[in-house]
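Asker: Take this structure first; my questions come after.
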Amino acid sequence: MSKLKERMKAPSFEGTDQDGKTVRLSDLAGKKVILYFYPKDMTPGCTIEGHEFSKLKDEFLKSGVEVFGVSRDTMALHEKFK
């Protein structure tokens with residue numbers, strides 16, 4: 001599989017959010033979605049990036065865009081990081 005690039009359609013995926021809910025790309029069909037990948041919760045660079053998305057949350061919502069941050073950390077750490 002090739003690497004994802006900006007504006008590229010994401011392949012089908014399924015994951016679990018910080019609340020334990022399953023998220024499937026197919027459930028988001030027809031919606032605008034931003035996936036941002038980051039290496040680790042609670043690190044300086046990832047925290048800055050997360051804050052930038054948080055600052056723009058209302059603008060994304062008004063535009064009908066859902067934002068998902070993705071890393072390999074535990075659900076407990078994700079909950080603390082959010």
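The values are calculated or read from the model by the stated rules, or taken from the named source; none is laboratory data. This structure is a prediction, so every number in the text was calculated from the model and none was measured. Here the Cβ is made from the backbone with ideal geometry for all residues, glycine too, and neighbour counts use every protein chain on show. Just the protein is used for accessible areas: all its heavy atoms, side chains included, with ligands, DNA and RNA removed. Shrake-Rupley method; radii C 1.70, N 1.55, O 1.52, S 1.80 Å.
Asker: Going toward the positive end of the dipole of the chain, with +1 on Lys and Arg Cβ and -1 on Asp and Glu Cβ, which of MET8, GLY50, PHE60 do you reach last?
Answerer: MET8
Asker: Averaged per residue, what accessible area in Å² does the chain show with a 1.4 Å probe, protein chains only?
Answerer: 81
Asker: Can you give the calculated 222 nm mean residue ellipticity of the chain, where each DSSP H run of n ≥ 4 adds -39,500 (n - 2.57) and the sum is split over every residue, rounded to the nearest 500 deg cm²/dmol?
Answerer: -8500 deg cm²/dmol
Asker: Mind giving me the FRET efficiency for GLU14 and PHE60? R0 is 25 Å, r the Cβ-Cβ distance, nearest 0.05 is fine. Working shown, then result.
Answerer: Numbers: r = 22 Å, r/R0 = 0.89.
Computed FRET efficiency for GLU14 and PHE60 comes out at 0.65.
Asker: Of the trypsin sites (Lys or Arg not before Pro) in the range 1-71, which ones lie in a loop per DSSP and count no more than 10 other C-beta atoms within 10 Å?
Answerer: In loop regions of the range 1-71 (DSSP not H, G, I, E or B), the sparsely surrounded trypsin sites (Lys or Arg not before Pro) are LYS3, LYS5, ARG7, LYS9, LYS21, LYS31.
Asker: For the chain, run through the GluC sites (Glu not before Pro) and keep only the ones in DSSP coil with at most 13 other Cβ atoms within 10 Å of their Cβ.
Answerer: Working: sites: GLU6, GLU14, GLU49, GLU52, GLU59, GLU66, GLU79; in loops: GLU6.
Answer by residue number: GLU6.
Asker: Give the separation of the Cα centroids, the range 47-82 to the range 1-44, in Å.
Answerer: Between the Cα centres of the range 47-82 and the range 1-44 lies a distance of 11 Å.
Asker: On the protein heavy atoms, probe 1.4 angstrom, tell me the percent of accessible surface of the chain carried by carbon and sulfur.
Answerer: Reported share for carbon and sulfur atoms: 54 percent.
Asker: While we're here: Can you give the charge dipole size of the chain about its Cα centre, rounded to the nearest 20 debye, using +1 on the beta carbon of Lys and Arg and -1 on the beta carbon of Asp and Glu?
Answerer: Values: 15 positive and 13 negative charges, 61 e Å.
Once rounded to the nearest 20, the dipole reads 300 debye.
Asker: Now a separate question. Per residue and in cubic angstrom, what volume does the convex hull of the Cα atoms of the chain have?
Answerer: On the way: hull volume 9.2 nm³, N = 82.
Value for the chain: 112 Å³ per residue.
Asker: Still on this structure, please answer the following. In the chain, what % of DSSP beta bridges are antiparallel (nearest 5)?
Answerer: Just about 35 percent of them are antiparallel.
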